[in-house]
1. Please name the residues of region B:369-394 whose accessible area, counted over protein heavy atoms with a 1.4 angstrom probe, falls by no less than 10 Å² between the chain alone and the full protein assembly.
2. Defining a contact as two alpha carbons under 8 Å apart and six or more residues distant in sequence, what relative contact order in percent does chain A show?
3. Ignoring ligands, DNA and RNA, please state the percent of accessible area on chain A from carbon and sulfur, probe 1.4 Å.
4. Could you calculate the FRET efficiency of B:ASN282 with A:ARG388 from 1/(1 + (r/R0)^6), where r is the beta carbon distance between them and R0 is 35 Å, rounded to 0.05?
5. Quick check on the protein assembly as shown: take the gyration tensor over C-alpha atoms, sort the square-rooted eigenvalues as a ≥ b ≥ c, and tell me if it's rounded (a/c under 1.5), prolate or oblate.
6. Rounded to the nearest 0.05, what FRET efficiency do B:HIS39 and A:GLU455 give with R0 = 45 Å and r taken as the Cβ-Cβ distance? Could you check?
7. Total Å² of accessible surface buried at the A-B contact, 1.4 Å probe, nearest 100?
8. Over region A:121-247, what is the mean sequence separation of C-alpha contacts under 8 Å (at least six apart), divided by residue count, expressed as relative contact order in percent?
Protein chains: 2
Amino acid sequence: MTQRLVVVGGDATGMSAAAQARRHRDVSDLEIVVFERGHFTSYSACGIPYWVGGHVRERDHLIARTPEEHRALGIDVRLRHEVVELDVAGGRLRSREPATGTETWTGYDHLVLATGARPIRPALPGIDAPGVHGVQTLDDGEALIAALAAGTGRRAVVVGAGYIGVEMAEALIRRGYEVTIVHSGAQPMSTLDPDMGVLVREALQGLDVNVVGDSEVTEIRTGDDGRIRAVFAAGREHPADVVVLGIGVAPETTLAAAAGLPIGNHGGLLTDSAMRVTGYDNIWAGGDCVEVLDLVSGMRRHIALGTHANKHGQIIGANIGGGYATFPGVVGTAVSKVCDLEVARTGLREKDARAVGLQYVTATIESTSRAGYLPDAPVMTVKMLAERLSGRLLGVQIVGREGAGKRVDIAAVALTAGMTVAQMTTLDLGYAPPFSPVWDPVLVAARKAVRAVRERG
Amino acid sequence: MTQRLVVVGGDATGMSAAAQARRHRDVSDLEIVVFERGHFTSYSACGIPYWVGGHVRERDHLIARTPEEHRALGIDVRLRHEVVELDVAGGRLRSREPATGTETWTGYDHLVLATGARPIRPALPGIDAPGVHGVQTLDDGEALIAALAAGTGRRAVVVGAGYIGVEMAEALIRRGYEVTIVHSGAQPMSTLDPDMGVLVREALQGLDVNVVGDSEVTEIRTGDDGRIRAVFAAGREHPADVVVLGIGVAPETTLAAAAGLPIGNHGGLLTDSAMRVTGYDNIWAGGDCVEVLDLVSGMRRHIALGTHANKHGQIIGANIGGGYATFPGVVGTAVSKVCDLEVARTGLREKDARAVGLQYVTATIESTSRAGYLPDAPVMTVKMLAERLSGRLLGVQIVGREGAGKRVDIAAVALTAGMTVAQMTTLDLGYAPPFSPVWDPVLVAARKAVRAVRERG
């Protein structure tokens, strides 16, 4: 008998799950229905800053697979359908077409919740003014690009100094804007320790970005014409013609929570290793709406990142398709770029380690990413955390120029494998003058961390 | 009582060992004497192609630490001293100064053999003609640069298509030469499988390098004036104004072998994990003159690479200094660059796996090193070998453009940790559009390798 898989959310997790399930089970065996409340499927939200900045010329380049392409595979994609109620006991859900108001109940044998995340929008005066832009969806990107094209002013304020904030700063610089980043932390990029964040601030300032820290935004002020005039933060006024919000996202679990599904401390759905919602045999969830296990701390976290979302979808689809796949967890790797500055991190920061009772030592080194005798060898700073006594690697943060960012992968794999920093000192990493000094910067950091472990005892 | 450490060979291993030992033990505790037959200490032989090619302007930029700097640390560096005999029973060695013919016996408490490797120079007609250049030492580099500056012809033949061969091809292109590479393999870069080597050949041809494979050189012909005219290989004549030898190196163990020290199947000294020569408590060896354990195959290999040599020196120096350090082995990582082509490998090739009785599957994929929607996203090919049944990663080869080469480090760490390709599919690697597609190419290869393991059974 034909089963029905219903997917809520048609982006990375949802469409990967659908496509992977379809690969294993044909239309006569598995009907697949996808409800997506927006206009698009399978697009790269991470690419929006590069579209705004002009690296990517057209919106459609960010779409990996269109609804039509999915339909051609026998996946019933229903755009502009919002799922408004989940009836777990009845194995069905209620969807609504905003355009017509029509509501429909649809039963499922398997359900995939891939509802993603929603941008955090603090309830500030002026937050809903035209000219205040999020950058989570293609519609957001389109609106921002139209506003930038139509705008006459040249002053932009970015609220938030995380990955999206700094990437948007670069995009706006490329479009000729004077950019101010207003953020609440001591240093930008709070996913790094402050002593590494300061390097990001200095680099941003070197790009003529006005970086304003320790500043909670209190108001976005508009003129009588309704247009934005300024952002107020910590008692200071920052003139603005356009405002971009990059404050972060929270898991979108309204539907799931109303249905009584288990939600974790960080607001995300809880799943098992196979990405089934804990306690449910036929409900699966993945991507930005779930919490994941942090393999280093042993705690659950919420991380909104396309690479995890795609993996989750692939795993869910394989399992529904009759195969077997699991997601063991994350080590918290992230990398970003603003102009020629590369920023990366994996594992625990100092405060993460403290929060879970891990005692640690740190080692910070400066090196070049190529042989130092090559001209203009780019400089990078590597900070490494290792557990006291055991010497187990706990985390790595990197700030530098070309060749810096993806070196974090060395540490990501070492963390996954549970290596000690002593074991890392003899890693057989690729060496040639255009790629690395004879001691790769990660090895230099590991050697210093070994000494720190020994000295601290 | 003051002990004496004698080091034979003043480059990476020898001087690292000396400097590291000195860090732990002062002059009153440990006298350190280094015999070096050349003119320099601690230089980067790997940098010679970049000096010849003009990236590095001066010879001295390749010198990490001069004899004077070492002497200032209390290390007695004796240049132009050749060690000609080792008396293990007597704990002493005999050195000679070629300039004067003076010979001296010097006793040691600890001995470090860091005699390096010698270039392979086949006994061919014309091999010793002026205009035939090695590129192993700074003297070699200096001679080649002088010859190129003085030369009028513009045709260069590089013999050998390994790392040095292709790097020298780039250097000669940069100097305006028409370059022919003559090599004996089916494809260049025999450290790769031929199906990956073919990509290197095509890229070299794209750079207008004339690549002549399956061709053993039989003669280097000179004119009546003694100058080089052509290289003959496999019955064909390749006109040449200058010839560069990049055929490879063999461990230089003449001294050690004459003293009865243990030599392995590949001609290198055998050591234990602490880098002591097997069976000797106070004789240490490292760098290009030793064999190392291949952690993937379980066999010993000879690998001449500065990064290993430096690690060995540091480990030896720590142990002599009263500390503790070991070298577990290598996984066989190497990376190289020729113009914008990046070539990397780690672990076993197909023939390596067969040679040690490992059954395997392969997976080859093409991907971009950045998000595909970014303009000019560079393309790369990744080949992965996994053990049949177990799915253990056995090796990775990468050929591509920017961002390709150092991705081999992901596989190098995974090999060290003994990961399976299934475990690799969920590695938490750095993702952002300028750094990677949402599925890193290494993950794409791992997924395909998982399918291959399953299909092969």
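1. B:TYR373, B:LEU374, B:PRO375
2. Values: 1078 pairs, mean separation 62.3, N = 457.
So the answer I get is 14 percent.
3. Working: 8360 of 17380 Å².
Here it works out to 48 percent.
4. With a Förster radius of 35 Å, E is 0.50.
5. Because a/c hits 1.5 or more and a/b exceeds b/c, the protein assembly as shown counts as prolate.
6. Calculated transfer efficiency: 0.70.
7. Numbers: alone 19770 and 19800 Å², together 34780 Å².
The contact between B and A buries close to 4800 Å².
8. Values: 249 pairs, mean separation 44.4, N = 127.
Once divided by the residue count of region A:121-247, the mean separation gives 35 percent.
The values are calculated or read from the model by the stated rules, or taken from the named source; none is laboratory data. What you are looking at is a predicted structure, and each value in this text was computed from that prediction instead of being measured. Every residue, glycine among them, receives a Cβ derived from its backbone with ideal geometry; neighbour counts consider all protein chains shown. For accessibility, only protein heavy atoms count, side chains too; no ligands or nucleic acids. Shrake-Rupley method; radii C 1.70, N 1.55, O 1.52, S 1.80 Å.
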